[in-house]
1. Does any residue of the range A:229-238 turn out to be surrounded by 21 or more Cβ atoms within 10 Å (Cβ to Cβ), under 27 Å from the mean Cα position of the chain (by Cα) and among the aliphatic types (A, V, I, L, M)?
2. Among residues belonging to the range A:29-48 that are out of contact with any strand residue (DSSP E or B) (no Cβ under 9 Å at 6 or more places or on another chain) and not charged (D, E, K, R), point out the one that is surrounded by the most Cβ atoms within 10 Å (Cβ to Cβ).
3. Output the number of residues of the range B:54-76 satisfying the condition of being at the interface with chain A (Cβ under 7 Å from one of its Cβ atoms) and either assigned to a helix (DSSP H, G or I) or among the aromatic types (F, W, Y) (or both).
4. Give the range A:483-519 a look and list any residue that's among the hydroxyl-bearing types (S, T, Y) and in contact (Cβ under 8 Å) with a residue 40 or more places away in the chain, or say none.
5. Give B:A17, B:A51, B:A105 a once-over and let me know the one that is at the interface with chain A (Cβ under 8 Å from one of its Cβ atoms) and either in a helix (DSSP H, G or I) or surrounded by fewer than 24 Cβ atoms within 10 Å (Cβ to Cβ) (or both).
6. If you check B:G25, B:G41, which single one turns out to be within 7 Å of chain A (Cβ to nearest Cβ), at pLDDT below 95 and either out of contact with any Gly (no Cβ under 9 Å at 6 or more places or on another chain) or not in a loop (DSSP other than H, G, I, E, B) (or both)?
7. Which one of these is within 30 Å of the chain's Cα centre (by Cα), more than 14 Å from chain B (Cβ to nearest Cβ), surrounded by fewer than 19 Cβ atoms within 10 Å (Cβ to Cβ) and within 29 Å of A:Q537 (Cβ to Cβ): A:E76, A:E60, A:E132?
8. Considering every residue within the range A:246-257, establish whether at least one is modelled with pLDDT under 85, among the hydroxyl-bearing types (S, T, Y) and farther than 27 Å from A:G391 by Cβ.
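The values are calculated or read from the model by the stated rules, or taken from the named source; none is laboratory data. Just so you know, these numbers come straight off a predicted model, no measurement behind them. Reconstructed Cβ throughout: ideal geometry from the backbone, glycine too, with neighbour counts over all protein chains shown.
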Amino acid sequence: MTEAKIGVFICDCGGAMKNIDFPTIKGELDAIADVASVNLSSDLCLEEGRAKMLSCIKDENIDRVVVAACAPQLKEHVFQQVLRSAALNSYLMSMADIREQCSWAHEGDVTTKACGLIKMAIGRARLLQPVEQKDLLVKQEVLLVGGGFSAMSSAIQLSRLGLHTTLLVGDSALGVRSRELEELLGLEVAPMTEAIDRDKNIEIVTSAELVGMEGTAGNFAVRIRKGGEEFVQSFGAIIFATGPRTEILPQDPGSKSSTRIVSQERLARWLRASSPQPRPRSVAFVFDSSDECSRLPTLVTLNNALAVKRSWGSEVYVFCKNVKVDSEGAEELYHQARERGVVFLKFEDSPGISIEDGLVRIEAKDVLLGQDATLTCDVVVAEEKVSPAAGTDDLRSLLNVRTDSRGFLQDDNVHLYPVASERKGIFFVGDCRGDLDAARIVADVSSAVMGAHELLARGRITVEAERVKVDPQKCRACLTCIRVCPHSAIQLVRIDSEREVAEISDLACDACGICAGICPAKAIAFQGYSDEQILAQIEVLKAS
Amino acid sequence: MSREIIAFCCEHSATPAANLAGRLGLHYSENLRLIPVPCAGRVDVVHILKAFEKGAAAVLVLGCEDGACHHIEGNTRARERVRYSRTLLEEIGIDGRRVGMFNLAPDTPHKFLDIVNETNETLKELGGGK
């Protein structure tokens, strides 16, 4: 390798780093053999500074650039642009943060440290290699798994953005479950199904399920089973909207089938139908006796309690641990319920529910009164638990993604929040992520649609080619990297009749370097953060 | 042994926390040398050991909070490697407390300061540091 010609550009940020003695630093750096030019500036990120930097790179034939200025997060992209203007690969630059990490952070001798930091950056810059960009074709098709409210609204929005969408529905028709929940959650399903039926951009595959998936973002090969037959179709992105599952939790297992103990859904159907004879005189709701997450149960209970008051005029009691009113309008619903005479009883421990003389008896310890409260009423609407849809666990292992402690997809990782997953091109929206109300689902849908659109809109996507690369000569196919890659970006490929080696997908890779850190054969090179480039920065310690 | 502390800092958490500390004018000792890495999981045992070979007084690996790693489990992998490095160091007679793994969020510059100060306190006892 021929010796690098390093250009160092130091910026004092318009005099914001008065405690650094820049001429001393320049003197010291000038003495380094392969440093071709050291430039002091006070406005490097502004137009004039950039122009000077550009002409210096060109005039001196500089092929590695070191910028010592503010934090790279702020202006790195500006300086990368200068490199590109000079027909230099933008990866041939190393930055030293002498402002936030030096001048502004210390009271003592900052000049020596600043000089050390710049030398670290020079050490790294010396070893930098260009990383080319390339375009990959992506399939402009989105697969939506689910047939509920989230899936339908995602499909409608994607279609508006011009992306062809396939809805994979497990039921025999669209929106079966959503229709049942219409009143409970305040949804309107019919206009959506009609819009989808009219839309030529949306295809519906009913009574089908996803049974396999291979490939990476931009080109997932999805195996679909429908009516005993399987076929493979490719999609650029996949949005999962598999919804939740609600189950009634009877306190006494023996009383599950009782007509006196009903689910929220059954109560809603009951309210919708002609009024029962005789009307229940008293109705009690019990919720949140076993779970912290009570957003949906709260909303549904408040809606139903009000409906009971309106339609039947019964006495209504709500046994609750925690009324979670963080949904839009929930606080208002709660006040309405109280004004109309709904009695809220805050309990500790699980209440005992039993059938006595054809009536339901509830025993609970009231927190506010500090004593046991017993209530006998006609109907109890039992607690419902919101849990992930059936098959979520299989989906998790099929996709190689993680679930949260309750088994919902897309766990609460703030870096992926709200809908992205650890795999590029795969999104989770709506109640498969947890118990979300309608407003949150709408926000989810928009985020996922934006994500899919960003990936697929151009039909091609620009990626860094081989930034993280496996050396096929060194790879012993031990599968360690494939096992640890959090983004499922590594696959085994056959290179000849004898050997298979690991290969990293440029599109699926998120450049974390975990594979490079763990590879026992040191076969993975991560441009910009290779072992040599990291060690070169440590090397400077002794020298300084 | 020099007095330098080498800190491998995740670019999604510790590096922004350090930058925020600077921007807020929170001062810490200048013996800290920050090496940004895209994820704490990038840090290899070799990097930690090399730092000691070059005379570092202490090595820190700083990553995202548990359960909130940008790359899902890079921080837990880093913790494993730090633990392993510690056993290697102790084997050759270097106090294992000289290497540490810490988790912090990008908006916690005070925690960053605490970690640096704590390390310097430990170094007072062990020698080196500021």
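1. yes
2. A:L46
3. Counting residues in the range B:54-76 that are at the interface with chain A (Cβ under 7 Å from one of its Cβ atoms) and either assigned to a helix (DSSP H, G or I) or among the aromatic types (F, W, Y) (or both) gives 1.
4. A:S488, A:S505
5. B:A51
6. Exactly one of B:G25, B:G41 is within 7 Å of chain A (Cβ to nearest Cβ), at pLDDT below 95 and either out of contact with any Gly (no Cβ under 9 Å at 6 or more places or on another chain) or not in a loop (DSSP other than H, G, I, E, B) (or both), namely B:G25.
7. A:E132
8. Looking for residues that are modelled with pLDDT under 85, among the hydroxyl-bearing types (S, T, Y) and farther than 27 Å from A:G391 by Cβ, one finds at least one in the range A:246-257, hence yes.
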